[in-house]
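Every number in this text was worked out from the coordinates using simple rules, so none of it is lab data. All values reported here derive from a predicted model rather than from experimental measurement. Here Cβ is always computed from backbone atoms with ideal geometry, including for glycine, and neighbour counts include all displayed protein chains.
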């Protein structure tokens with residue numbers, strides 16, 4: 001068995017669970033192992049909270065000591081303080097697997113690279129390097145680095161992050177039956193809906209087709225997660241919308257009707273919801289497709305027509321549904 | 001972390017890779033761990049070859065000793081002999097995770113339960129018990145058994161095995177695009193095709209719709225795996241088929257044209273290939289659906305109409321495709 005690859009794959013799988021949700025940060029996973037013994041699996045969950053390495057270290061501390069910590073491990077500052085006060089050799093026989101080079105950037109707390117170098121782990125195994133100038137260089141602070149394990153897979157995980165630095169990362173969300181029918185009411189499980197609402201909460205713009213607005217009369221809020229509703233752009237050449245459509249009534253949100261796609265040139269995270277028309281109009285702009293596939297075959301809903309080549313990137317179970325992350329290729 | 005669940009899940013995942021291919025045996029996975037250190041992951045691959053426990057033990061031996069064995073570990077007899085000649089305490093600090101109670105049945109080689117009891121492992125963790133009278137009782141031969149870890153998931157893995165003891169296990173295979181289009185030439189990756197051909201090789205009967213035979217003029221052999229072509233039943237009320245259709249020309253196979261479904265009452269493994277018509281005609285008889293989903297959206301191929309509720313059971317990557325095991329529910 002290729003153990004380095006095995007543990008790195010666990011870190012990658014964990015990171016995928018938070019893909020998109022860490023915006024504007026990258027999705028990152030980390031795994032702690034001591035003499036081949038798995039101690040913890042963790043991932044960065046949300047910008048402003050602890051990085052993956054810190055969460056993996058805290059969870060590894062709990063496994064090794066048998067004690068529960070008494071603060072919130074998502075609190076980055078408390079977690080760093082706690083880890084730095086452990087006995088100097090506490091993690092000396094441990095290896096950490098991280099999907100991305102630990103950050104060298106000092107903010108409120110020490111950087112992860114400096115934390116790891118002070119904790120003096122036996123090995124630090126890194127899949128790929130930090131693509132952002134100023135955040136990189138973490139590797140140089142560390143001893144005993146193994147670099148490049150599952151690098152290609154880690155680069156795919158990192159792709160949205162690299163895109164939204166330069167321009168909009170356009171994620172098209174599609175909820176469908178297993179025979180590819182869309183629309184026809186609520187197709188998806190509660191877990192899927194709650195995931196969509198988390199993505200809506202995190203994105204800069206929710207971009208939706210004019211026809212979908214006219215026909216479905218959606219609210220487009222985040223009621224499943226009680227988060228703030230996203231600002232909405234409606235893709236339409238005309239502005240004749242019934243102002244009674246619920247999405248216009250949501251508090252503290254901007255709604256703009258536009259047929260100008262130049263906003264996609266701005267570094268941002270744009271979530272797209274719509275049907276066949278929106279898929280076709282936006283085809284050249286779509287980076288990734290996120291399909292929530294429900295476990296049924298149906299005659300009721302609509303089939304949709306488009307030619308698009310994809311790469312499947314990752315599959316995750318969402319309640320009874322399956323969530324399929326894929327990338328448009330050949331455009 | 002729930003480590004027992006974690007390792008059992010690894011064993012289950014590995015077993016799923018050989019679902020259907022172990023016929024008439026059940027799909028079984030096993031994982032070896034020493035003091036929390038992962039040593040090996042294995043699964044039963046094919047009837048007549050080593051069981052999952054034996055393959056996991058052999059691979060664990062290789063990890064622990066750093067030596068490669070010089071015989072084929074799929075050879076059950078040689079593997080048992082080798083394992084029984086190891087120093088008595090070789091695996092004394094190891095735990096084995098097995099998705100199914102080790103067999104108590106003595107054949108050419110000692111049973112897995114007796115092998116494990118002689119190897120005196122620290123713990124034997126078992127997900128669920130052997131449903132076949134005469135094969136069960138393995139647990140009683142063992143010391144330090146932990147039973148019931150991920151039992152429900154293990155029962156799902158075992159379901160085809162339980163069905164094909166009593167009547168035909170009917171697996172409907174469907175190759176489709178991600179927007180649910182079928183037909184239209186070769187949709188699937190080489191890995192998917194080779195997997196289908198392995199299933200064809202293992203099944204008792206390949207059952208195919210008359211319209212598919214007339215329209216696609218298939219060969220239905222196992223050329224990707226160089227295996228023996230399966231016997232074919234064509235579902236049709238009339239026997240007016242062009243005898244030049246390639247499937248009739250394949251050597252050493254029986255072809256029968258029938259509209260009588262009573263053969264499905266016999267304990268057996270029946271693989272079904274067909275389109276919308278076959279799905280609809282056989283709906284009440286379908287146990288599981290196996291979808292090979294290709295990474296593209298298409299306008300060319302046909303959409304299909306049927307109402308069917310499914311449970312997603314397992315997803316596996318097959319080259320660029322995704323293979324989705326699902327179960328029909330509500331019938």
*With each label point set 7 Å from Cα along the Cα-Cβ vector, what nm distance links residue A:106 and residue B:108?*
6.9
*asked:* Restricted to Cα positions, what overall size does the stretch B:248-331 have along the principal axes? Three whole-Å values, descending.
replied: 36, 36, 24
*Report the residue of chain A with the smallest Cβ-to-axis distance, using the rotation axis that brings A onto B, in whole Å.*
A:180, 1
*Gap in Å between the Cα centre of the stretch A:96-121 and the Cα centre of the stretch B:201-221?*
58
*Considering only DSSP beta bridges with both partners in chain B, what is the antiparallel share in %, to the nearest 5?*
45
*Give the angle, between 0 and 90 degrees and rounded to the nearest 10, that separates the Cα long axis of helix A:151-166 from the longest principal axis of the Cα atoms of chain A.*
60
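I need the fraction of alpha carbon pairs in the stretch A:12-55 separated by more than 13 Å, rounded to a whole percent. All intermediate terms of the calculation are to be shown ahead of the outcome.
Values: 463 of 946 pairs.
The proportion of pairs with Cα distances above 13 Å equals 49 percent.
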*Taking a label point 7 Å out from Cα toward Cβ, give me the nm distances from residue A:87 to the same spot in the other copies, shortest first, one decimal.*
3.1
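From the square roots a ≥ b ≥ c of the eigenvalues of the alpha-carbon gyration tensor of the stretch A:60-104, which class results: rounded (a/c under 1.5), prolate (a/b over b/c), or oblate? Walk me through the intermediate numbers first.
Details: a/c = 1.59, a/b = 1.14, b/c = 1.40.
Here the stretch A:60-104 falls in the oblate category.
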*Relative to the longest principal Cα axis of chain B, at what angle does helix B:190-202 sit, 0 to 90 degrees, rounded to 10?*
80
*Taking a label point 7 Å from Cα toward Cβ, how far is residue B:299 from its twins in the other copies, in nm, shortest first?*
2.7
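Kindly provide the Kirkwood hydrodynamic radius of the stretch B:196-265 in Å, to one decimal, from all pairs of distinct alpha carbon atoms.
Values: mean 1/r = 0.0808 Å⁻¹.
Taking every pair of different Cα atoms in the stretch B:196-265, averaging 1/r and inverting gives 12.4 Å.
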*Any idea what angle helix B:3-16 forms with the longest principal axis of chain B, computed on alpha-carbon atoms, 0 to 90 degrees, nearest 10?*
40
*At what distance in nm do the modelled label points of residue B:140 and residue A:71 sit from each other, each positioned 7 Å from its Cα along Cα→Cβ?*
5.7
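Can you give the mean number of other chain Cβ atoms that lie within 10 Å of the Cβ atoms in peptide A:308-318?
Values: counts 8, 6, 7, 3, 9, 1, 1, 7, 1, 3, 0.
Mean shielding by partner chains, rounded to a whole number: 4.
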*Can you list the distances in nanometres, one decimal and ascending, from the residue A:316 label point to the identical position in each other copy, with the point 7 Å along Cα to Cβ?*
2.4
_For B:173, A:190, A:284, order by how many other beta-carbon atoms lie within 10 Å, fewest first_ = A:284, A:190, B:173
*Would you compute the Debye intensity of the protein assembly as shown from its alpha-carbon atoms alone, equal scatterers and no solvent, and pass along log10 I(q)/I(0) at q = 0.05 Å⁻¹ to two decimals?*
-0.27
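Rounded to a whole number of µm²/s, how large is the Stokes-Einstein D of the stretch B:3-165 at 4 °C and 1.567 mPa s, given Rh as the Kirkwood radius over C-alpha pairs? If you can, show how the numbers build up before the last one.
On the way: Rh = 15.3 Å.
D, rounded to a whole number, is 85 µm²/s.
Once the piece of chain linking residue B:311 and residue B:3 is laid out straight, how much longer is it, given 0.36 nm per residue of separation minus the C-alpha distance between them? Before the final figure, lay out the partial values.
Working: separation 308, 0.36 × 308 = 110.88 nm, distance 2.65 nm.
Computed gain between residue B:311 and residue B:3 is 108.2 nm.
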_Two-decimal ratio, the stretch A:184-331, of alpha-carbon radius of gyration to 2.2 N^0.38 Å_ = 1.04
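So what's the stretch A:37-130 giving for Rg/Rh, alpha carbon basis, Kirkwood Rh from the mean inverse pair distance?
Numbers: Rg = 12.1 Å, Rh = 13.3 Å.
Ratio of gyration radius to Kirkwood radius for the stretch A:37-130: 0.91.
Which number comes out as Rg/Rh for chain B once both Rg and the Kirkwood Rh are worked out on C-alpha atoms?
Numbers: Rg = 21.5 Å, Rh = 21.2 Å.
That ratio is 1.01, to two decimals.
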*Would you mind pulling out the separation of the Cα centroids of the stretch A:251-313 and the stretch A:316-330, in Å?*
14
